[in-house]
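**Student:** What follows is a structure written as structure tokens; I'll ask about it next.
The values are calculated or read from the model by the stated rules, or taken from the named source; none is laboratory data. Here the structure is a predicted model, which is why all the values come from computation and not from measurement. Using ideal geometry, Cβ is built from the backbone for each residue, glycine included, and neighbour counts are taken over all protein chains shown.
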Amino acid sequence: MDENMLQSMEPLEQPRRIKRGFMSFKCSSPITFPDRCCRDLLIQATLDRQVQSLAPSTWTDFCSSDAYFSFEAVMGGKRCLIEVCDATNAKPFEPPNRYDLGLTLSRTAILAEPRLSSARTIWACREMQVPLQFQFELIRFLTPHEKGLRLSDLESLLNLELSKWISQAPALVCRGTLQVESVSRINGQTRLSL
């Protein structure tokens, strides 16, 4: 056997750490995250109407000693530094002057959030191709309804099979075209709005 081939068959001394970057319509640039819990938090923040923007954090020196992930968010016009810890329960901390608020969330609190499975379900549709005709039709139905429409109402208005639009509408939520009501389970009473 070739010497190069033998070297390539040797086990790696250290496992490779894959850097992942989360990106959504609210992100200024990709946010690298260490685990699924942090990704889930970024998904929930993206789908939350109160959150206007997300960005990677460069201020880790100001986070708690047990924090292993942090990012910036603008919520209600306030700049926030959010950190994730293994054991800490939601508590504020003193962020640098450029922030209005610092918030610590525990891994347990994030994973216990009832809206988590709905957020994952919606986010799973993010790459779905959505025909322009469907987008225009859906926007036309939603425009006169400031508070939005229930999914069950939309079913009777749209001229598409339920199986087609039920995954296309969440794809538009992931792109920021539509808003979805924060619920623990998506059902016929869940509201979509512009």
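**Student:** Condition check: modelled with pLDDT under 90 and more than 20 Å from G21 (Cβ to Cβ). Does C80 satisfy that?
**Tutor:** So C80 does not fit the description; no.
**Student:** Residues to consider are P96, P114; find the one that is surrounded by fewer than 19 Cβ atoms within 10 Å (Cβ to Cβ), touching a Ser or Thr at 6+ places or on another chain (Cβ under 6 Å) and not in a strand (DSSP E or B).
**Tutor:** P114
**Student:** Here is a check on your reading of the model: is A67 at pLDDT below 90, closer than 19 Å to Y99 by Cα and surrounded by 19 or more Cβ atoms within 10 Å (Cβ to Cβ)?
**Tutor:** Yes; evaluated as a whole, the condition is true for this residue.
**Student:** Take the range 37-63 and flag every residue that is free of Cβ contacts under 8 Å to residues at least 12 places away in the same chain and either assigned to a loop (DSSP other than H, G, I, E, B) or surrounded by 13 or more Cβ atoms within 10 Å (Cβ to Cβ) (or both).
**Tutor:** Matches in the range 37-63: T58 only.
**Student:** Here is a follow-up. When the residues of the range 117-152 are narrowed to those that are in a helix (DSSP H, G or I) and of a type in the set (D, E, K, R), which ends up surrounded by the most Cβ atoms within 10 Å (Cβ to Cβ)?
**Tutor:** Among those that are in a helix (DSSP H, G or I) and of a type in the set (D, E, K, R), it is E137.
**Student:** Let me spell it out: the conditions are (1) more than 22 Å from the chain's Cα centre (by Cα); (2) in a helix (DSSP H, G or I); (3) not hydrophobic (A, V, I, L, M, F, W, C), and T108 meets all of them except one. Which number is the exception?
**Tutor:** (1)
**Student:** Looking only at the range 27-74, count every residue that is aliphatic (A, V, I, L, M) and either assigned by TED's automatic domain parsing to the domain that holds G176 or under 21 Å from L178 (Cβ atoms) (or both) and tell me the total.
**Tutor:** 8
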